[in-house]
1. Given 345, 331, 359, which one is among the charged types (D, E, K, R), in contact with a Lys or Arg (Cβ under 9 Å, 6 or more places away or on another chain) and closer than 30 Å to residue 284 by Cβ?
2. Return yes or no: is residue 218 surrounded by fewer than 19 Cβ atoms within 10 Å (Cβ to Cβ) and either modelled with pLDDT of 90 or more or of a type in the set (A, V, I, L, M) (or both)?
3. Cβ-Cβ distance below 8 Å, separation of 6 or more or different chains: which pairs start in the range 80-96 with a residue that is in contact (Cβ under 8 Å) with a residue 40 or more places away in the chain and end on one that is of a type in the set (Val, Ile, Thr)?
4. Looking only at the range 362-378, filter to residues that are hydroxyl-bearing (Ser, Thr, Tyr) and either without any contact (Cβ under 8 Å) to a residue 12 or more places away in the chain or not in a helix (DSSP H, G or I) (or both); which one of those is nearest to residue 280 (Cα to Cα)?
5. In the range 125-153, how many are touching a Leu at 6+ places or on another chain (Cβ under 7 Å), basic (Lys, Arg) and at pLDDT below 90?
6. Here is a list of conditions, (1) within 26 Å of the chain's Cα centre (by Cα); (2) at pLDDT 85 or above, and residue 261 meets all of them except one; can you say which number that is?
7. I'm trying to understand the selection: among the residues of the range 18-66, which are in contact (Cβ under 8 Å) with a residue 60 or more places away in the chain and of a type in the set (A, V, I, L, M, F, W, C)?
8. Considering the range 337-361 alone, what residues qualify as being surrounded by 12 or more Cβ atoms within 10 Å (Cβ to Cβ) and either outside any helix (DSSP H, G or I) or hydroxyl-bearing (Ser, Thr, Tyr) (or both)?
Amino acid sequence: MSGPTKDTLLSVRDLSLEVARTGHSVVKEISFEISSGEIFGIVGESGSGKTLATRAMISLLPPAIKVSGGSVAYKGREVLTMNDRELRRLRGAEVGVVFQEPMTSLNPSMTIGRQLEEGLILHTELSADERRERILDMLRRVGIREPEGALAAYPHEFSGGMRQRIMLASVMLLKPALLIADEPTTALDAVIQRDVMELMVDLTRAEGTAVLLISHDLPMVARYTSRIVVMEKGSIVEHGRTEDLLEAPQHPYTKKLLSSLPFRGEPRVVDMSKAPMVSAQNIVVDYPGRKSLLKRATAKRALHGVSIDIHEGEVVALVGGSGSGKTTLGRTIAGLVEESEGQIRFQGRARDADWQDYRMNCQMVFQDPYSSLDPRMTILALVEEALRLVPNLDTAAKKKRALETLEEVGLGTDYASRYPHELSGGQRQRVAIARAIARRPRFLIADEPVSALDVTVRAQVLDLFSGLQKRYGFSCLFISHDLGVVEQVADRVIVMQDGRIIEEGDRDRIFDNPREAYTRRLLSAIPALDHNERGGVTLKWRLENEA
């Protein structure tokens, strides 16, 4: 790579990191430069060292990791030798950071308004009224519908996507010269993801802000960066202009990442003549509003008379933005949320007519397997627990079924005695899938099952899911905001907005000829991918002129 120039904002030279106790190397002599106003990308899977490397750039390494060599210069000043006062001036005011999980970055005991005001108090001389006006304006820009009400709310009152937007707002308020964005859009739906990224681009152009974008979302990185580096096991294995690298990758690891992107498969034939496996008719869900001393609570309607049929062996994808009601519908069908009106039927009978039979045949895979797996139980015990109420299975048979199921999801007997914290995110999701299929259910609800996974792990889990669905023939409601994943796995697509179904149809019709403006907007946020003969991909953005 070329050396620093007068336009270089950040220069990283031969940076190496190691585990302090063992001396094990986790980042190995990486080098790159970022210029003012540039959007620069770092791509790699979990464990590649990309997040640790960027944390070292502002001296935010965990205690167990230490710098073993190299330098990091910001505007010509060495960051690694700065004292605490210099670092406080650097962080926030000049270098902003957006972390992957906003709930760990936002204080749960402080209101949103107070947290957003903190940085302005520390780094500006604005009056209270000026701070409030700037905060409200920024909340509007990042898509918060009721910014006035958000100021008095707490982080737990927002969805994951909303919390990430609030986190972005808190960083952007100070107009930093460099914005480090570590997986900033992982929890966001495709449209909001694009809106957030467009906001970053606008900020870069208006303020001359550089963006260091860290992500495993290759299409998103490709759309917004001018240059990228690819990291594997702590080393940079390839770097260059984004377009050149995607079109003609040189390193086998880069080719592996690109080959793992979701592509549309051949359509399957599903028998729609029989009665639906699951039928939800005119479902209405109301959530009670917040109570106060002087104001009566007003209920919020999350679902407005929604109807959906899922046939035997069919994979129906439920898509929509954050707050569209798709997860609420899935949880209502599963019986985890009580409907205010409407009826749910399973195999032609009212769901509540034989509740135990329904619960045995309806299983759910949640978005975050770590929060749904008991950390005190071994992997074998977790899968066996799902078989507790299955009739005609004694203890030995349950253990045998559990071990067979672990083998089916790609986790051998070596994993049976481990605990959830000893597994990677992808392995934990395999355990969650194993728990769901161990009973051999007729119906499965998968709520964002791969949204937090790396691209190659996501591809493995999707292949696993498709293989299991073909083997056991279960019907599936697949809830996702990732339309690229939906294009790969779905037979039929249902689009939701504001608690209503606005469009539905078979996968190819929805993706190739969407009728509703909202559906077209969703599709315009994801690329159509084509492999080329050089092992790379060509990205074409759908409905580009309508975005």
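1. 345
2. no
3. 92/171; 95/58; 95/180; 96/171; 96/180
4. Checked the range 362-378; the qualifying residue nearest to residue 280 (Cα to Cα) is 371.
5. Qualifying residue count, the range 125-153: 1.
6. (2)
7. Matches in the range 18-66: 26, 27, 30, 32, 34, 39, 40, 42, 43, 53, 57, 58.
8. If the condition is that a residue be surrounded by 12 or more Cβ atoms within 10 Å (Cβ to Cβ) and either outside any helix (DSSP H, G or I) or hydroxyl-bearing (Ser, Thr, Tyr) (or both), then 337, 339, 340, 341, 342, 343, 344, 345, 346, 347, 350, 358 are the ones that fit.
The values are calculated or read from the model by the stated rules, or taken from the named source; none is laboratory data. For clarity, every value in this text was computed on a predicted model and none was experimentally measured. Backbone-built Cβ (ideal geometry, glycine too); neighbour counts: all protein chains shown.
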